[in-house]
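Handing you a structure now.
Please treat every number below as a calculation from the coordinates, not as lab data. None of these values were measured; they are calculated from a predicted model. Don't worry about glycine lacking a Cβ; one is built from the backbone with ideal geometry, like all the others, and counts go over all protein chains shown.
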Amino acid sequence: MCSLVSINDISRAEILSIINDALERKKGKKTEQFPGVLASLFYESSTRTRESTECAAHRLGMHVIGFSGIEGTSVQKGEPLADTLRMYRGFGANIIALRHPLEGAARYAADILNIPVINCGDGSNLHPTQTLLDLMTITEKRGSVDGLRIALVGDLKYGRTVHSLVAGLKMFSNITLWLVAPDSLKMPAHFIEHFPGTIYHAHDIAEVDVDILYMTRIQRERFPQGPDGELEFDKVSRIYQLTPSVLEGKNVGVMHPLPRYKHRIEISLAVDSLHNAWYIDQAENGVFLREALLSSMMLNKISRRKKEFIPGAWKELSVKNYPKEAQETIYRIDNGTLIDHIHAGKGKEVLSVLQIDAAAKFVYASNISSKVYERKDVVGFPDRELTEMELSKVALVEPDATINIIRDKQVYKKGKVVLPSIIDGLVICQNPRCITYKTHNEFAPQKFHVVSHDPLLLACYYCEVPVEREKIKLE
Ligand code: NCD
């Protein structure tokens, strides 16, 4: 059985089949019965997501165990997430529905359990089941998702529903997306990267011309604690308040994952009675959608689109051994490792990631002339051949460096280190809201995807926040 942590875990065909199944269930298709157990573990507040998931499980004849909020659970005694999850698996859970405040929590859960996990929201990161029901609602109302013009309005920085929705919309063609947000709540760039349609940015709803207005609540709970956060919330929470006058004469569907915030209502109640108001149907669709999802999981109908693991490699370069005199001036190493073609000024960083202190034996030439770059640094270690781990560290800070292994005054081997597609336990995720961040004490290991080798770009395996080469921090 496969987990649903990100909408990217499943294919477009699987998304469409779940949506069609959900629409049939809404029209009265008979609900099958499964003798299974759903563990519904909600560490954060929820009405719609939790109730509709549990209601769907009940309709399918499943037992539901779990908690809604951590009060009264051992989480309050300081229990790590992994222990709680393993307990529920031990109590017979076939599927876990998890909502957790830390980003990457659901991916971590899926990693350590051998039962599927449904991500019902991991902090401000993702919310894929909301995306499925959003796409179901759009399909129900408009017949198809392709070709639509959609505006996402409000808190695009912290709103997990819109992050997931953008990922989902990437699988449809010819989408025009309007991102309407104040500067301080703009969508983080990595969510919109490689969007195949057109993207426009705006500050005001009046600027957009769309088929769907997808409103969101300003996620007050994600703002920094204290008076600064309070002040910022106060400023931005008044900006978007949709009233009937904006919709007059327009065939625009209004969506909202709900809840609305009653003290600064972002969709006026007067909109509720208009044909434009889709958000109540949208919320109700949650039950049918989650029933279809649970059923497809219990029947093993969806399989995770897992990226293939590509191991690290050594890219061999041809060896040219210069006459002895030249060798002596360039290398001054008879045996050992010489790291060449380090960008000028970066040699110190290479020494530092290898934790070479002043007492160790090393050669370091800075800012010398180079045929490849104008100036370069060179670092060498007499009588020492670097381990695979050390070579990976060098490749992380200087991916273009050339490694020379020297034996008996001859370059025995020369090449570049190609990193594996997943890096385990070397790079630290610097996102303080990530499940791996050390102050959370959740014991999730550090793990990164290599998104691109040239230029080097990594992304945390759990929270998916990218990190460029210059910002990589090693363990
Ligand atoms: C959303 C959530 O929890 O991310 N609600 C939901 O699941 N329907 C949006 C929100 O809380 O604003």
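Show the residues, 5+ positions off or on another chain, whose built amide H is closer than 5 Å to the amide H of Val37.
Here His63, Asn94, Ile95 satisfy the definition.
While we're on this one: Once you charge only the Cβ atoms, +1 for Lys and Arg and -1 for Asp and Glu, what is the size of the charge dipole of region 129-279 about its Cα centre, to the nearest 20 debye? Could you put the intermediate results ahead of the total?
Numbers: 16 positive and 18 negative charges, 51 e Å.
Dipole about the Cα centre, nearest 20: 240 debye.
Still on this structure, I have one more. Would you mind ranking Trp314, Trp278 so that the residue whose beta carbon has the fewest other beta carbons within 10 Å leads the list? Walk me through the intermediate numbers first.
Values: Trp314 13, Trp278 23.
Result, fewest neighbours first: Trp314, Trp278.
Taking the alpha-carbon distance from Lys27 and a cut-off under 16 Å, which lysines remain once sequence neighbours fewer than 8 residues away in the same chain are dropped?
Output for Lys27: Lys141.
Taking a ≥ b ≥ c as the square roots of the Cα gyration tensor eigenvalues, with a/c under 1.5 meaning rounded and otherwise prolate when a/b beats b/c, else oblate, which class fits region 198-247? Walk me through the numbers on the way to the answer.
Numbers: a/c = 2.71, a/b = 2.05, b/c = 1.32.
Prolate is the answer for region 198-247, as a/c is 1.5 or above and a/b outweighs b/c.
Dividing the convex hull volume of the alpha carbon atoms of region 129-279 by its residue count, what do you get in Å³ per residue?
On the way: hull volume 16.1 nm³, N = 151.
Convex hull volume per residue, Cα atoms: 107 Å³.
Oh, and also: Collect residues whose amide H, placed 1.01 Å from N in the peptide plane, falls under 5 Å from the amide H of Trp314; neighbours closer than 5 in sequence don't count.
Residues meeting the criterion, in which the H sits 1.01 Å from N, are Val418.
If packing is taken as the average number of other Cβ atoms within 10 Å across a peptide's residues, how do 286-296, 27-37, 58-68 rank, most packed first?
Values: 286-296: 24.8, 27-37: 12.5, 58-68: 16.7.
Highest-to-lowest ranking by the protection proxy: 286-296, 58-68, 27-37.
Another question, then. Could you tell me which of Pro182, Leu60, Asn404 has its Cα farthest along the dipole of the chain towards the positive end, charges placed at Cβ (Lys, Arg +1; Asp, Glu -1), taken about the Cα centre?
Leu60
Pull up all non-local amide H partners of Ile302: gap of 5 or more, or a different chain, and H-to-H distance under 5 Å with H placed in the peptide plane.
Hits under the 5 Å cutoff: Cys2.
Still on this structure, I have one more. If the only charges are +1 at each Lys and Arg Cβ and -1 at each Asp and Glu Cβ, what is the size of the charge dipole of region 313-418 around the Cα centre, to the nearest 20 debye? Kindly include the intermediate steps, with their values, before the conclusion.
On the way: 17 positive and 16 negative charges, 48 e Å.
Dipole size: approximately 220 debye.
Something else now. Taking the beta-carbon count within 10 Å as an exposure proxy, list Cys55, Cys463 from fewest neighbours to most. It would help to have the intermediate numbers written out before the result.
Numbers: Cys55 15, Cys463 26.
Going from sparsest to densest Cβ surroundings: Cys55, Cys463.
In sequence order, what are the phi-derived ³J(HN,Hα) couplings for region 188-205 according to the Karplus relation 6.51 cos²θ - 1.76 cosθ + 1.60 with θ = phi - 60°, rounded to whole Hz, with x for glycine and proline?
Each residue's phi maps through the Karplus curve to give x, 4, 5, 6, 9, 4, 6, 6, x, x, 9, 10, 10, 10, 8, 9, 10, 4 Hz.
Another question, if that's okay. State the answer as a single residue: which of Gly36, Leu102, Ser46 lies farthest towards the positive end of the charge dipole of region 17-106, with beta carbon charges of +1 for Lys and Arg and -1 for Asp and Glu, about the Cα centre.
Result: Gly36, furthest along the dipole toward the positive end.
On to the next question. If the rule is a partner Cβ under 4.7 Å, which cysteines in the chain fail it?
So far as the 4.7 Å Cβ criterion goes, Cys2, Cys55, Cys120 stand without a partner in the chain.
If you scale each eigenvalue of the Cα gyration tensor by 5 and take the root, what three semi-axes come out for region 325-475, rounded to whole angstrom and sorted largest first?
Details: eigenvalues 199, 47, 36 Å².
After diagonalising the Cα gyration tensor, the semi-axes are 32, 15, 13 Å.
Could you pull out the GluC sites (Glu not before Pro) across region 145-246 that fall in loop regions by DSSP (anything but H, G, I, E, B) with no more than 16 other Cβ atoms inside 10 Å?
Values: sites: Glu193, Glu207, Glu221, Glu230, Glu232; in loops: Glu193.
Those that pass, being in a loop and sparsely packed, are Glu193.
Could you compute Rg(Cα) / (2.2 N^0.38 Å) for the chain, with N its residue count? Don't skip to the answer; put the middle values down first.
Numbers: Rg = 26.6 Å, N = 475, 2.2 N^0.38 = 22.9 Å.
The reported ratio for this selection is 1.16.
Using only Cα positions of region 81-165, each an equal point scatterer, no hydration layer, compute I(q)/I(0) via Debye at q = 0.10, 0.16, 0.24 Å⁻¹ and quote the log10 values to two decimals.
The Cα Debye sum returns log10 ratios of -0.33, -0.70, -1.09.
If you place +1 on the Cβ of every Lys and Arg, -1 on the Cβ of every Asp and Glu, and leave all else neutral, what size is the dipole of the chain about its Cα centre, to the nearest 20 Debye? If you can, show how the numbers build up before the last one.
On the way: 59 positive and 59 negative charges, 128 e Å.
Its charge dipole is roughly 620 debye.
Pick out, from Leu386, Val353, Asn367, the residue whose Cα sits farthest towards the positive end of the charge dipole of region 351-395, with +1 on the Cβ of Lys and Arg and -1 on the Cβ of Asp and Glu.
The residue sitting most towards the positive pole is Asn367.
Short version: ³J(HN,Hα) in whole Hz for each residue of region 234-241, in order, from phi by Karplus 6.51 cos²θ - 1.76 cosθ + 1.60 (θ = phi - 60°), x for Gly and Pro, what are they?
So the J values, rounded to whole Hz, are 4, 5, 7, 6, 9, 5, 10, 9.
Another question about this same structure. Strictly over 22 Å apart at the Cα level, which of Lys170/Lys306; Lys186/Lys473; Lys371/Lys414 would you flag in this model? Working shown, then result.
Numbers: Lys170/Lys306 17 Å; Lys186/Lys473 26 Å; Lys371/Lys414 17 Å.
Going by Cα-Cα distance, Lys186/Lys473 fall outside the 22 Å limit.
What do you get for chymotrypsin sites (Phe, Trp or Tyr not before Pro) in region 70-130 restricted to DSSP loop and a cutoff of at most 13 other Cβ within 10 Å of the site's Cβ? Spell out each step's value before the answer.
Working: sites: Tyr88, Phe91, Tyr108; in loops: Phe91.
Loop-located and lightly packed - Phe91.
Find the all-direction average of the projected area of the Cα convex hull for region 422-471, expressing the result in square nanometres with one decimal place.
Numbers: hull surface 12.5 nm².
The Cα convex hull of region 422-471, projected and averaged over all directions, gives 3.1 nm².
Next up: Going by average Cβ density within 10 Å per residue, which order do the peptides 241-253, 387-399 take, highest to lowest?
On the way: 241-253: 14.0, 387-399: 18.3.
Descending packing order for the listed peptides: 387-399, 241-253.
State, in angstrom, two size descriptors of region 234-369 derived from its alpha carbons: Rg to one decimal place and Dmax to the nearest whole number.
According to the Cα coordinates of region 234-369, Rg and Dmax are 32.6, 88 Å.
Give me Arg160, Arg407 ranked fewest to most by other Cβ atoms within 10 Å of their Cβ, as a rough exposure proxy. Kindly include the intermediate steps, with their values, before the conclusion.
Numbers: Arg160 26, Arg407 12.
By the 10 Å Cβ count, ascending: Arg407, Arg160.
Mean 1/r over all different Cα pairs, inverted: what Kirkwood radius does region 1-79 give, in Å?
Details: mean 1/r = 0.0676 Å⁻¹.
Every distinct Cα pair counted, the radius reaches 14.8 Å.
Let me ask something else. Would you kindly derive the ³J(HN,Hα) couplings of region 462-472 from the backbone phi angles with the Karplus curve 6.51 cos²θ - 1.76 cosθ + 1.60 (θ = phi - 60°), listing them in order in whole Hz, with x for Gly and Pro?
9, 8, 6, 6, x, 9, 7, 3, 5, 9, 5
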